[in-house]
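Step one of this worksheet: look at the structure below.
The values are calculated or read from the model by the stated rules, or taken from the named source; none is laboratory data. Just so it is clear, the model here is predicted, and its values are computed rather than measured. Reconstructed Cβ throughout: ideal geometry from the backbone, glycine too, with neighbour counts over all protein chains shown. All accessible areas refer to the heavy atoms of the entire protein, side chains included, with ligands and DNA or RNA removed. Shrake-Rupley method; radii C 1.70, N 1.55, O 1.52, S 1.80 Å.
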Amino acid sequence: MAEEIKSLIKKLSPLLEEDSEVFRELVTFFSGTAKISMHRDDLCKFLQDNRTFEVVRVSGKSYKDCVYELVDNYPEMMDAIGMLRYYKAPAGNIKWEEVEAAEIAMGNELTMNAYGWSPDAWTIFENNAFDETTAPEDKKGDYSLVAIVALDSLL
């Protein structure tokens with residue numbers, strides 16, 4: 001599956017370096033280990049011409065904290081024309097109602113442009129126990145959000 005995604009990214013955006021953070025995060029986002037499978041049409045929409053890309057990583061004590069961290073500390077999100085994002089759950093079961101509350105907060109905070117985003121998609125990954133054991137003490141148990149953002153390159 002990962003090789004198919006890599007080939008598709010190279011086909012759609014041949015100038016995107018395979019060792020770039022954006023490339024790696026796109027492969028992660030569309031991997032088969034996500035709890036919500038993503039449609040490849042979102043990748044096609046995301047990699048349209050005249051776009052630049054950025055990866056933003058935030059963490060917090062809840063999914064909603066991550067959203068507020070993203071909105072408060074990265075004002076360029078207001079200029080996004082597309083966003084793919086994924087949450088990483090801390091150890092234990094995913095609390096879907098908390099993810100839904102975070103997504104509602106995302107919509108409320110970024111209402112001006114969110115409806116024009118192409119695409120606007122999210123997924124979630126379960127915690128990897130290895131990641132948790134190697135995390136710094138002050139980050140253990142934290143929730144995280146990785147946003148892959150498309151910006152208009154004509155700005």
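Brief remarks on what is shown
- Dipole of the chain, positive end: most advanced residue of TYR87, TYR74, SER59 [Cβ charges, Cα centre]: TYR87
- Relative pair counts by distance (%), Cα atoms of the range 35-77, 10 Å bins: 22, 35, 40, 3
- Rolling a 1.4 angstrom probe over the protein heavy atoms with all chains in place gives the chain an accessible area of 55 Å² per residue.
- The Cβ shell under 14 Å around ALA101 holds other residues with a net charge of -3, Lys and Arg each +1, Asp and Glu each -1.
- The chain - share of DSSP beta bridges that are antiparallel (%, nearest 5): 75
- The chain - mean residue ellipticity at 222 nm from DSSP helices (-39,500 (n - 2.57) per run, n ≥ 4, rounded to 500): -11000 deg cm²/dmol
- The candidate values were (i) 10.3; (ii) 9.1; (iii) 10.7; the one computed from these coordinates for mean projected area of the Cα convex hull in nm² carries the label (ii).
- Restricting the calculation to Cα atoms, every distinct pair contributes to the Kirkwood radius of the range 1-81, found to be 14.1 Å.
- DSSP loop trypsin sites (Lys or Arg not before Pro) with at most 14 other Cβ within 10 Å excluded, longest remaining stretch of the chain: 96-139
- Solvent-accessible area, 1.4 Å probe, carbon plus sulfur percent, for the chain: 50
- Computed about its Cα centre, the charge dipole of the range 1-112 is approximately 340 debye, with only Lys, Arg, Asp and Glu carrying charge at their Cβ.
- Checked against a 24 Å cut-off, the cross-linked pairs LYS6/LYS88; LYS6/LYS64; LYS6/LYS45; LYS45/LYS95 give Cα-Cα distances beyond that limit for LYS6/LYS64; LYS45/LYS95.
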